[in-house]
Structures are given as C-alpha cells and as structure tokens.
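Trainee: Below: one structure in structure tokens.
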Amino acid sequence: MDFNLNAVSFIAEKNFSRLDIKKTYDIMILGGGPAGLTAAVYCIRKGMSTGIIVNEVGGQVAWTSGIENYMGYRHINGVELVQKFKEQVLQFGIDYEEGRRIESVSSGPMKGVVLDDGRSFSSRALIIATGKDMRRLGVPGERELTGKGVAFCSICDAPFFSGKRVVVVGGGNSAMEAVHDLAPIASRVIIVQFLESLTADRVLIDKLESYGNVEVLYEHEVAEIRGGSSVESVEVRDRKTGKTSSISAGGVFIQIGLVPNSGFVKGVVSMNGSGEIIIDCSCNTSEAGIFAAGDVTTVPFKQIIIAGGEGAKAALSACEYVMRLT
Amino acid sequence: MPLFDEKISAQLGDILKNMDGAVNLAFFTQEFECRICQDTGAFLKEFSSLSEKIKLKVYDFLKDGQEAGRLGVDKIPCICVLDAGGDDTGIKFYGLPGGYEINSFISSLLEVSGKKEPIPDDLMKRIMAVDRDVHIQVFVGLTCPHCPSAVAMAHRLALENKRIRADMIDAAVFPQLAVKHSVSGVPKIVFNDREEMVGAGPLAGFLDIIERL
Ligand SMILES: Cc1cc2nc3c(=O)[nH]c(=O)nc-3n(C[C@H](O)[C@H](O)[C@H](O)COP(=O)(O)OP(=O)(O)OC[C@H]3O[C@@H](n4cnc5c(N)ncnc54)[C@H](O)[C@@H]3O)c2cc1C
C-alpha cells in the first residue's frame, strides 16, 4: 500500500498568514505552480512584502505521476516535488491564499486583484504565473457527459474503464500516458489523432506495440460524443474525406493539450493569438509593473525547470521595478 | 510487516503532534474479515499507535449491530470518526484511506481534535442554516490527487452541522455502490442519493447543491 502523504501542508502551513485586504503589497504573485512558487522565494528573500494567490498548489505538476527531467532528482513524483516547492516557500512565511480563483486584475500605478469571493487586494507589482489548464474539445456531449465517461485525468479514472472500449483523443505525451494507463485494463483503446502522426516522445510511442489492443485513427477529429446516462459512442470525422463514422466506446479520455489561464487579464496585457501573455526576455508584459512567467506566457517550451527559471526572472524584474518606485 | 516506512511514520507523528484534543475512532469489521477489512484494521492499529490522542475501538458489524445502527454504519470496512467524548461527528471513511486519501484522513482527525482553519463568515452562516438531513457520499480512487480535497470539504461540512453526514467511499472497495451511482470519474459526490457533482469544487459549490436539495 502506498501513502502519498502531503506532509508539508499540515506542518508548515502555520507559517502562512491569510492575505490582508488592508495591506498594500509590494508584489502579488498570481498562481502557485513552479513559476509562482519560485517567484515567491525570490521576492521574499529580497525583502519584498509579498502575497501569493493559488488555486491549486503545484499546478500541473500535481497532475504528473513521474518526473525525470527536473535536475537534482533522477525520479520524483509530481506531488512530492510540489511538496518540496511549497516547503521551500513556507520556511520564510508568506501571505497566502489557496483554493480561490482570480476573477480580474486592474492596472495603473497601484494594481488591483479581485477574487471569486469578491475580496480585492492591492499591490505595486504583479507577477502572473497562472499556467495552463486542460483544453476541452468543445463538441456536443463533452460537457454533459463529463464524469459519465468523458474524463481528463487518467491516473484518477482509468480503473473505471476496465474491460471497456475507450477512445483517447490526442497524440502527444499526455495522450500516450493515458493510453499506458488504460491499455493494460481496457478491452480496446482507440487513439483519435488530428494529425497524420503521433507527436509524443519516441519512448512513449514505441511502447504502444507491446499492448496488442491499441489502434490509431490518424487525421481524424471528434465531432460529437453520444450517450444517455453514460458515454455510448464517439462520432469521428475523417479530415481528408470528411466522412463521419461512429466508434462504440464506454469512455473518452481527452488529452489534447492545454490552454493558458489568462482570461482574467484579457484587455489588461497583450496576448498572442492563443491567449499566451506576451513577454520580453525580462518577463515584462505590455503593462509597466505587471510581469508574467511560465506556461501562461509566450516563453518557448513548457517545462517545470523552465517555468521555475522564468519565475525567478520575473521576481527579480519585479523587485527592481518596486525598488525604482520608492 | 509495518505499513508505514520510517520516513512516513516520522512525518505522521510530527503532523499528529498538532492535534488539540483526543479523537475516537470506531472501526467496524467482522469476525471472518474480508481482505480489505484486515488491511484497514492493521492500518488503524498502526496509525493510532502514532499518537496517544487517537483512541481506536474495534467493533463487529454483526455482533455490535446496535452500535453500528446508532452510528448509521451500513457496510464494512467503516471508520467512524468520533469526538473526544465519543459523540458522532458524521464523518466516515468506507475503505482504507491510503494513497492520496491519507491526507483527507489526517485532516479530519486534526479538525475533529479542534485544529480547524477558520471558514469565512458568509459560508459559515450558510452551513449553519442547513436545517434538513443531508447525506454526502464522496466516491474516490486512491490514486486520485485531487480527491482528498473533496473528501475534506464534505467532512468539514459534517463536522460543522449535525444535520450533515459525509462518507468517503473507495469506489474500488464498493464497486456495486459505485455502479449504482454510475461512478466513472472521481471524485464523484452524491447528495441524498439525488443530486450529484463530479470534481472537487469550492465549499460554496457544495452549499449551492445542499441548499436546493
Ligand atoms: C500531464 C503532464 C505531465 C508533465 N510532465 C512534465 C515533466 O515530466 N517534466 C517537465 O519539466 N514538465 C512537465 N510538464 C509541464 C509542466 O508541468 C509545466 O510546464 C509547469 O507546471 C508550468 O508551471 P507554471 O507555474 O507556469 O504553471 P502551472 O503548473 O500550470 O501552475 C499554474 C498555477 O496557477 C493557478 N491558477 C490558474 N488560474 C488561476 C486563477 N484564475 N486564480 C488563481 N490561481 C490560478 C493554478 O492553480 C496553479 O497553482 C507536464 C505537464 C502535464 C500536464
């Protein structure tokens, strides 16, 4: 029996104080993934009065089972790495808010941040590090059948599809990881891939052949997910011929990449066509005093070590900005 | 063989030092134990040895039917979390809270012991205003990283208002029940066998559903 104990959140949380609506912070960090947590360490060590707002601590890292490319650890599971990040932030003590979503942000000499419970905070500088979330297909049936066969977390939900036919949508690393969770227990796994080849890392693709119950439909897209009380079939369209066909399946795992969590700063800072916040190499956005770091930005390549590095950079830029103000 | 390795035991011991008062655990199993009942019993024995504030009592589901009835236990293995005086808190774990669920188990022990994070006033008012019987069943899988937060929220509601009861249910241990509630994704939260929610929402989301039951 494994125990995925999240010890830090019980012991060290005493070092966290709630955010204070009456205080003016030097720097407010939005998001608590690798970018936000790294930024926090840098800001506090520079003596800034710092607050951090986190919806789910660890961000995407908490969703990852094994990490083999974060330096210092040959292999570490996501929850454990998050715990270590949090521990490092906690040793300093910080004003901290978890489990809340940021609704909107305003610019100006003093920046404002509004949470989903209506509270608002003010700060001289902001670091946006809200990362990315799962992308949805946006087809009929997806929303209605979520939790009724439409799933996004394979390590959570794969066991419910034992002996069933399952569709995995996507051809990247996370789709292949879902296939590896499902193929040993499902009767059949059908991968529906938009492109003409899979884009996952070679090691993950090579493993597919060993299963014998996995097939790939290339250049197909999902048009609709059908079912009553649970998923019964997936309608797919051949992108070359336009012909649609129906795959009978009890489950659909959607792993088609990610979208930036930047909706709440729309109109405040400039973004590219996919909603990523445009930054320069010092993590400046188009707005003075608003910095951004990690997966929510245009930084090329989305990795933990990169997001962490960007968080450090954004923090140092923000500290410089605040020091110039005073 | 001990279930917890040295590192985990040490960490658990440290965390449990934060308990304010005592907590009683009533564990329901039966004479001819199912495998998972045996494992859960062993887990609890080891776990309760980590702090003298945790008092474990083992009951036989059939022979101690009266106690099972009093606490509303209807299947095993079941762990009821009772307060220092032995009164029911409405908090139950059906199955072994291992994997990620160890976190929800610890958080319920800390909270029942008196170590509670404050709930914002407006939400607290809504919790106290619930004046009918509410039964929350949270179906989980032990490999699900975000299930414990749903369990902890349901249990916190139970702790704050006597009319609310909340169960963690390991879907792998109670497959028929999971099928009955068509669980195919976790956490799945069922309210009074009528309303349901998939995924761990905020506390306010739980209250929105409870208020329209
Ligand atoms: C399945 C999977 C496997 C991966 N494997 C690896 C790997 O092996 N190695 C590797 O290097 N990288 C891996 N990655 C990528 C890596 O996880 C990301 O690059 C990294 O987490 C980005 O960090 P971030 O801090 O920018 O954003 P995120 O990790 O996305 O964190 C965003 C933070 O912002 C918070 N947030 C978002 N919106 C709001 C809001 N409105 N209000 C308040 N808070 C909000 C979130 O709760 C979270 O705390 C993987 C990603 C996935 C999905």
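The values are calculated or read from the model by the stated rules, or taken from the named source; none is laboratory data. Just so it is clear, the model here is predicted, and its values are computed rather than measured. Every residue, glycine among them, receives a Cβ derived from its backbone with ideal geometry; neighbour counts consider all protein chains shown. These accessible areas exclude ligands, DNA and RNA; they are computed on the full protein's heavy atoms, side chains included. Shrake-Rupley method; radii C 1.70, N 1.55, O 1.52, S 1.80 Å.
Yes/no matrix, rows are residues, columns are (1) in contact with a helix residue (DSSP H, G or I) (Cβ under 9 Å, 6 or more places away or on another chain); (2) touching a residue at least 60 places away in the same chain (Cβ under 8 Å); (3) within 10 Å of the ligand (Cβ to nearest atom):
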position: A:F92; (1), (2), (3): yes, yes, no
position: A:D95; (1), (2), (3): no, yes, no
position: A:R100; (1), (2), (3): no, no, yes
position: A:R119; (1), (2), (3): no, yes, no
position: A:S122; (1), (2), (3): no, yes, no
position: A:C156; (1), (2), (3): yes, no, no
position: A:H180; (1), (2), (3): yes, no, no
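Trainee: While we're looking at this one, here's another question. Considering the stretch A:300-323 alone, what residues qualify as being more than 9 Å from the ligand (Cβ to nearest atom) and either surrounded by fewer than 24 Cβ atoms within 10 Å (Cβ to Cβ) or of a type in the set (D, E) (or both)?
Mentor: Matches in the stretch A:300-323: A:P300, A:G309, A:A312, A:K313, A:L316, A:S317, A:C319, A:E320, A:Y321, A:V322, A:M323.
Trainee: Quick check on this structure: which one of B:F32, B:F27, B:F4 is of a type in the set (F, W, Y) and within 12 Å of chain A (Cβ to nearest Cβ)?
Mentor: Exactly one residue qualifies, and that residue is B:F4.
Trainee: Does the stretch A:193-218 hold any residues that are among the hydrophobic types (A, V, I, L, M, F, W, C) and either open to solvent by less than 90 Å² (accessible area, probe 1.4 Å) or assigned to a helix (DSSP H, G or I) (or both), and which are they?
Mentor: Correct list: A:L195, A:L198, A:A200, A:V203, A:L204, A:I205, A:L208, A:V214, A:V216, A:L217.
Trainee: Continuing with the same structure: Quick one: in the stretch A:180-192, of everything that is outside any loop (DSSP other than H, G, I, E, B) and open to solvent by 50 Å² or more (accessible area, probe 1.4 Å), which residue is farthest from the other protein chains (Cβ to nearest Cβ)?
Mentor: Of everything passing the filter in the stretch A:180-192, A:R188 is farthest from the other protein chains (Cβ to nearest Cβ).
Trainee: Out of the stretch A:124-153, which residues are within 15 Å of B:G199 (Cβ to Cβ) and within 16 Å of the ligand (Cβ to nearest atom)?
Mentor: A:D133, A:M134, A:R136, A:A151, A:F152, A:C153
Trainee: Now for a separate question. Only residues that are surrounded by 19 or more Cβ atoms within 10 Å (Cβ to Cβ) and not hydrophobic (A, V, I, L, M, F, W, C): list them for the stretch B:65-82, please.
Mentor: Selection gives B:P77 alone.
Trainee: Then there's this: Filter the stretch A:114-155 down to residues that are among the acidic types (D, E) and farther than 21 Å from A:G36 by Cβ and give me whichever is least open to solvent (accessible area, probe 1.4 Å).
Mentor: A:E142
Trainee: For the stretch A:145-179, give me each residue that is farther than 17 Å from B:V183 by Cβ, within 14 Å of another protein chain (Cβ to nearest Cβ) and either assigned to a helix (DSSP H, G or I) or within 25 Å of the chain's Cα centre (by Cα) (or both).
Mentor: A:V167, A:E177, A:A178, listed by residue number.
Trainee: Just to be sure I understand, how many residues within the stretch A:32-87 are away from chain B (no Cβ under 14 Å), out of contact with any Phe, Trp or Tyr (no Cβ under 9 Å at 6 or more places or on another chain), more than 8 Å from the ligand (Cβ to nearest atom) and open to solvent by less than 70 Å² (accessible area, probe 1.4 Å)?
Mentor: Residues in the stretch A:32-87 being away from chain B (no Cβ under 14 Å), out of contact with any Phe, Trp or Tyr (no Cβ under 9 Å at 6 or more places or on another chain), more than 8 Å from the ligand (Cβ to nearest atom) and open to solvent by less than 70 Å² (accessible area, probe 1.4 Å): 3 in total.
Trainee: Here is a further query. If we scan the stretch B:7-26, do we find a residue that is under 13 Å from B:L96 (Cα atoms) and crowded, with 16+ Cβ neighbours inside 10 Å?
Mentor: no
Trainee: Please go through the stretch B:119-154 and give me each residue that is open to solvent by 20 Å² or more (accessible area, probe 1.4 Å) and in contact with a Ser or Thr (Cβ under 7 Å, 6 or more places away or on another chain), ordered by number.
Mentor: Within the stretch B:119-154, B:A152 is the sole residue that qualifies.
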